[in-house]
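Below is one structure, written out as structure tokens; comments come after it.
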Amino acid sequence: MSEHTTEHVQLLIIGSGPAGYTAAIYASRANLKPVLYQGIQPGGQLTITTEVENYPGYPDGIQGPEMMIHFEKQAARMGADIRYGLATKVDFSQQPYKVEIDESHWITANAVIICTGASAKWLGLESEQRLNGFGVSACAVCDGFFFRGKEVAIVGAGDTAAEEALYLSKLCTTVHMIVRKDTMRASKVMQERVIKTPNIKIYWNSETDEIIGQHKVESVRIKNTKENTLTEVPVSGFFVAIGHEPNSGIFKDYITMDETGYILTTPGTSKTNIEGVFAAGDVQDKHYRQAVTAAGSGCMAALDAERYLSAKGFA
């Protein structure tokens, strides 16, 4: 640590989605003087979401980026010290805990809340990124509502893809489901439900060749890899359901995770295996992954951190 400057803080929050900002609001009100680093994507996944209609308190809906600006302003008004910067390394071997920011300086902290979120896995098509938010989405529960009465496509073969296809089938006229192999990874019961749903059309042994549309999704070109044929299907929405990746890599030497990298917390709390280190939001939630549940867990983490700091005599 000798080549870096060091600064000590009471509570460090890493990440700036709904979980991080909510933790900062609660921690500031408890006079814990939190410092929050926004990370590589200030505002988190909501900054790549256009319309948010399912967050309570916004009767007319709100744009994802605007909503995150509201969260940030509220946290700042409560007194949170919000900074640009990316956590690049941690040392949780002893108190105070050490977190390296931008590979240039260290923060030592009596307590840490990890809110680094998760990132959707993408197919890697140029059109997929270009039309993200204009018909391309990685969350059917968030965005399916906008495609009521329309035809959509979904790519994926696991439980999430099956769940999302079933969800979309209740809203959309036809769901075109693109599956890479001749079988699904989803559980048998989920597969059966999908196969029995009349308005879900499954394309086996298939890949997405291209998403077509200039300013919004108009159709998808599907490649059958066995027969080497191309089929163009008119759709208004294209959903990617090939999984999420928790942004937890820098913590793996210290924090207990599941096999896919989601941080494990004590049920009903935000506590990790290290006393004084808490986790909230999508980095520890692979089931719900909603803005409202992330915000709720950010509140829990701040309250858990406050109790911990108080019990230890730090606060």
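The values are calculated or read from the model by the stated rules, or taken from the named source; none is laboratory data. Note that the structure is a prediction, hence the values are computed from the model and not measured. Glycine also receives a Cβ, built like all others from the backbone with ideal geometry; neighbour counts cover every protein chain displayed.
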Does Gly79 satisfy the criteria of being assigned by TED's automatic domain parsing to the domain that holds Gly281, out of contact with any Leu (no Cβ under 9 Å at 6 or more places or on another chain) and in contact (Cβ under 8 Å) with a residue 24 or more places away in the chain?
yes
Of the residues that make up the range 220-233, is at least one over 27 Å from Arg148 (Cβ atoms), part of a strand (DSSP E or B) and polar (S, T, N, Q)?
yes
Here the residues within the range 282-315 that are modelled with pLDDT of 95 or more, farther than 21 Å from Gln10 by Cβ and of a type in the set (Gly, Ala, Ser) are Ala294, Ala295, Gly296
What are the pairs with Cβ atoms under 6 angstrom where one residue, in the range 135-161, is under 18 Å from Met190 (Cα atoms) and the other, located anywhere, is surrounded by fewer than 18 Cβ atoms within 10 Å (Cβ to Cβ) and among the charged types (D, E, K, R)? Sequence gap at least six, or different chains.
Ala157/Arg185; Gly158/Arg185
With respect to Glu275, determine if the residue is surrounded by fewer than 15 Cβ atoms within 10 Å (Cβ to Cβ) and either touching a Phe, Trp or Tyr at 6+ places or on another chain (Cβ under 9 Å) or assigned to a helix (DSSP H, G or I) (or both).
yes
Residue list for the range 31-69, restricted to those being more than 24 Å from Phe278 (Cβ to Cβ) and in a helix (DSSP H, G or I):
Ile48, Gly64, Pro65, Glu66, Ile69
Looking for something free of Cβ contacts under 8 Å to residues at least 60 places away in the same chain, in the same structural domain as Ile113 (by TED's automatic domain parsing), closer than 25 Å to Gln290 by Cβ and surrounded by 19 or more Cβ atoms within 10 Å (Cβ to Cβ) - is there at least one such residue anywhere in the range 3-24?
no
Filter the range 103-121 down to residues that are assigned to a loop (DSSP other than H, G, I, E, B) and either modelled with pLDDT of 95 or more or small (Gly, Ala, Ser) (or both) and give me whichever is farthest from the chain's Cα centre (by Cα).
Ser104
Just one of Lys73, Lys150 is farther than 21 Å from Tyr288 by Cβ and either assigned by TED's automatic domain parsing to the domain that holds Arg29 or among the aliphatic types (A, V, I, L, M) (or both); which is it?
Lys73
Count - residues of the range 238-272 that are of a type in the set (Lys, Arg) and part of a loop (DSSP other than H, G, I, E, B)
1
Any idea which of Lys89, Lys98 is out of contact with any Cys (no Cβ under 7 Å at 6 or more places or on another chain), surrounded by fewer than 20 Cβ atoms within 10 Å (Cβ to Cβ) and within 25 Å of Asp253 (Cα to Cα)?
Lys89
Looking at the structure I just gave you, is Ser28 among the polar types (S, T, N, Q), in the same structural domain as Ala111 (by TED's automatic domain parsing) and in a loop (DSSP other than H, G, I, E, B)?
no
Run Lys271 past the list (1) basic (Lys, Arg); (2) closer than 18 Å to Met68 by Cβ; (3) at pLDDT 95 or above and report the number of the one that doesn't hold.
(2)
In the range 283-296, the residues that are within 21 Å of Glu163 (Cβ to Cβ) and in contact with a helix residue (DSSP H, G or I) (Cβ under 6 Å, 6 or more places away or on another chain)
Arg289, Ala291, Ala294
Report every pair of residues separated by at least 6 positions or lying on different chains whose Cβ atoms are under 8 Å apart, first residue within the range 248-264 and in contact (Cβ under 8 Å) with a residue 60 or more places away in the chain, second exposed (fewer than 12 other Cβ atoms within 10 Å of the Cβ).
Tyr254/Ser93
